[in-house]
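Below is one structure, written out as C-alpha cells, with a few remarks after it.
The values are calculated or read from the model by the stated rules, or taken from the named source; none is laboratory data. In this text, all values refer to a predicted model and were calculated from it rather than measured experimentally. Neighbour counts run over all protein chains shown; Cβ positions are idealised from the backbone, glycine included. These area figures cover heavy atoms from the full protein model, side chains too; ligands, DNA and RNA do not enter into them. Shrake-Rupley method; radii C 1.70, N 1.55, O 1.52, S 1.80 Å.
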Amino acid sequence: MSNEYGGECYCENCERAFREWLRKKYQTLEELNRVWDTAFWGHTFYDWEEIVSPSLLSEHFDMERTTFQWISLDYKRFMSDSMLKNYRSEYEEIKKISPDIPVTTNLMGFYKGLDYQKWAAYLDFASWDNYPAFGAPASAAAMAHDLNRGLKQGAPFALMEQTPSVTNWHPYSTLKRPGVMRLLSFQAIAHGADSVLFFQMRRSIGASEKYHGAVIDHVGHENTRVFREVQALGKELEELGERLLGSRTKAQAAIIVDWDNWWALEYSAGPNRDMRYLEEVQRCYNVFYEQNIPVDIISVTDSLEGYSLVAAPLLYMVKEGYEKKLEAFVAGGGTLITGFFSGIVDEHDLVCPGGYPGRLREVLGIWVEETDSLPPEIQNSFTWEGKYYECGLLCDILHTRGAQALAAYEKEFYAGSPALTVNRYGKGLAYYAATRGNEEFYRDFLGKAARDAGIMPVWEKLPGVEVCVRKNAEHTFLFFLNHGEETVKTAARECAQSLLDGACYQKGEQFEIGPKGVVILQIS
C-alpha cells in the first residue's frame with residue numbers, strides 16, 4: 001500500500017480532525033485540561049475550537065522543542081494514527097476482495113514520525129527500505145532489521161527496497177563497492193528477511209531519482225558491474241531455494257523501544273538537549289551486536305516471557321501498569337537494565353509524584369534526588385570492578401532504598417554518590433546506570449550482565465565479522481558477514497555444510513570469510 005508513508009500536515013482539515021481525535025480520546029475538556037496540565041501558563045481551554053495544531057505559529061519555539069509538550073506529543077500521536085487510518089481504509093477494502101493476499105507497506109527503519117509498533121497489527125508481514133549511507137556502521141542497519149523482525153513477534157520480514165549501487169538523495173551518492181550489495185542483502189536475510197528486493201529495476205531518464213541506482217542503467221543493457229552482481233546474487237538465492245525460508249531467530253535478550261517515549265523525551269524542555277533516544281538505544285544495541293548476541297527489539301505491549309535480559313535505555317515514560325510487567329519479569333528471575341532519566345513521567349507526560357524514578361522506584365530500589373546535566377566538554381568519572389570510566393550527559397544523584405551501590409562518582413559535590421546500582425527483586429536483578437558511561441563501559445557492563453544472565457554469544461568475536469543465527473526444526477544456520485577489508489579465519493565447532501559454495505567442514509576445520517564476504521553454515 002502506497003510508499004514510505006511519512007510527513008506531517010497542519011492544514012485546517014487536519015486541525016479539525018485533531019479536535020475530533022482529542023474528543024474521542026479524552027471525552028471532556030475537563031479531562032483534557034487535566035492531562036495537559038493547562039493551568040500552567042494559562043493554557044486552559046474552554047471550547048474545543050480553541051485548540052490549534054502546534055507549530056512555530058503557536059507552541060513551538062524551534063523545530064524540535066515546544067513550550068506546551070502535551071499538545072505536541074498528542075499531535076505526533078494523531079499524525080501517526082491519521083496515516084494509519086488512511087492505510088487501514090485501503091487495507092480493509094483490499095481484504096474484502098482478496099482476503100488471502102498478504103498486504104504490507106514499506107517502512108523506513110526507525111522513522112520517528114510513525115509509531116510502527118501500532119501499525120504492525122495491520123501488516124500481514126513487515127517490510128522496510130534499507131538505504132545506509134556510505135561508511136555507516138553495519139550495526140545501524142542490523143538494529144533496523146531486528147526492529148522489523150520484532151514488529152511481527154519474530155516472523156520473517158521483507159527487505160522491500162535497497163539500491164544495487166547508489167542512493168541519489170544522500171549528500172554524496174557514493175557507489176556501493178564490489179561485494180557490498182551482496183553483503184547487505186545477506187545481512188538482511190541473516191536478521192530474518194525471507195526476501196530481497198531492489199528499487200529500482202530500470203533508471204528513469206527524468207525526475208528526482210534519475211540518478212538513483214538501478215539494476216538496469218541508462219545504458220540499457222546487462223553488460224555492467226551492477227547487473228552482474230545482482231544476477232550473481234539471484235543465482236545464489238535460487239540455489240539456496242527454500243532452505244532458509246521460515247527459519248527464525250530466537251533471542252534471549254531484548255531492548256524496549258517505545259515511540260511515545262521517544263517523542264515525549266525529545267520534546268522535553270530539559271534537562272539536556274543532547275539527549276537522543278535512538279542514540280542511547282543504538283549504544284545499547286551495539287554491545288550485543290559486537291558480541292554476536294541475538295537481540296529482539298520489542299514494544300511495551302509485547303510479552304517479556306522467554307527473555308533472560310531486558311534493557312530499557314532512557315525509559316523516560318512509563319505507561320500505566322507497565323511497571324507491574326517489569327516487576328513480574330524481574331521477580332521471576334529476569335535481569336532488567338535501565339538508567340538515567342527513566343521513570344520520570346506517565347503516559348500523559350505528567351511527572352509521577354513521590355520522587356524519581358517514579359513507577360520504577362520499587363523494582364530499582366532507589367530514589368533520585370537531583371540530576372546534574374553536563375555539557376559535552378565536561379565529564380565525571382567512576383570506577384567499576386577496578387576499572388576507570390568517564391561519564392557525562394546526565395548524572396543522577398541518588399539514594400539507595402534497598403539497592404546495592406556498585407560504583408560511585410569521583411568528581412563534583414556528589415562524589416561518593418552511587419553511579420551504578422543493582423537491586424535484588426524476587427529471583428532477579430534490576431540495574432540502574434545513573435549516568436551515561438563511555439562506550440567501553442557499555443561493552444564491559446552489558447557484556448557481563450548478559451553472561452551473568454546465562455546468555456552466550458552465537459560465536460566468539462571476529463574482527464569486522466558479524467555472526468547471526470536462524471533456526472528451524474531441522475537445522476541451525478550460522479551467517480558470517482565480513483564487513484571488513486581483511487580475510488578472517490575461524491574453525492567449525494561441529495560438522496557443517498557451507499551453503500553458498502557446497503564445502504563441508506569437520507569439527508575444528510578452519511574456513512575463511514573474505515573481505516565483504518559471506519559464509520552460511522548449515523548444521524543439522
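Here are the numbers for this structure:
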| read-out | value |
| --- | --- |
| Selection count, the range 146-181, where residues are part of a loop (DSSP other than H, G, I, E, B) and either more than 18 Å from LEU481 (Cα to Cα) or not small (Gly, Ala, Ser) (or both) | 22 |
| Residue tally, condition outside any loop (DSSP other than H, G, I, E, B) and surrounded by 12 or more Cβ atoms within 10 Å (Cβ to Cβ), over the range 481-497 | 6 |
| Test: residue in the range 269-277 that is surrounded by 14 or more Cβ atoms within 10 Å (Cβ to Cβ) and closer than 28 Å to LEU478 by Cα | no |
| Strands (runs of 3 or more DSSP E) enclosed by the range 370-480 - at least 2 residues per element that are farther than 30 Å from GLN187 by Cβ | 380-384, 387-400, 404-408, 418-425, 428-433 |
| Residue match in the range 109-128 (condition: part of a loop (DSSP other than H, G, I, E, B) and farther than 14 Å from GLU4 by Cα) | yes |
| Neighbours by Cβ (under 9 Å, 6+ apart or cross-chain): first from the range 40-66, closer than 24 Å to TRP262 by Cβ; second surrounded by 13 or more Cβ atoms within 10 Å (Cβ to Cβ) and of a type in the set (Lys, Arg) | ILE51/ARG19; GLU64/ARG273; ARG65/ARG273 |
| Single residue of the range 1-35 satisfying the filter (of a type in the set (Ser, Thr, Tyr) and under 31 Å from the mean Cα position of the chain (by Cα)) that is nearest to TYR91 (Cα to Cα) | SER2 |
| The range 390-408, residues that are of a type outside the set (A, V, I, L, M) and surrounded by fewer than 23 Cβ atoms within 10 Å (Cβ to Cβ) | GLU390, GLY392, HIS399, THR400, ARG401, GLY402, GLN404 |
| Given (1) surrounded by 16 or more Cβ atoms within 10 Å (Cβ to Cβ); (2) free of Cβ contacts under 8 Å to residues at least 60 places away in the same chain; (3) assigned to a loop (DSSP other than H, G, I, E, B), number of the condition LEU184 does not satisfy | (3) |
| Count of residues meeting criterion [open to solvent by less than 60 Å² (accessible area, probe 1.4 Å) and of a type in the set (Asp, Glu)] in the range 210-245 | 3 |
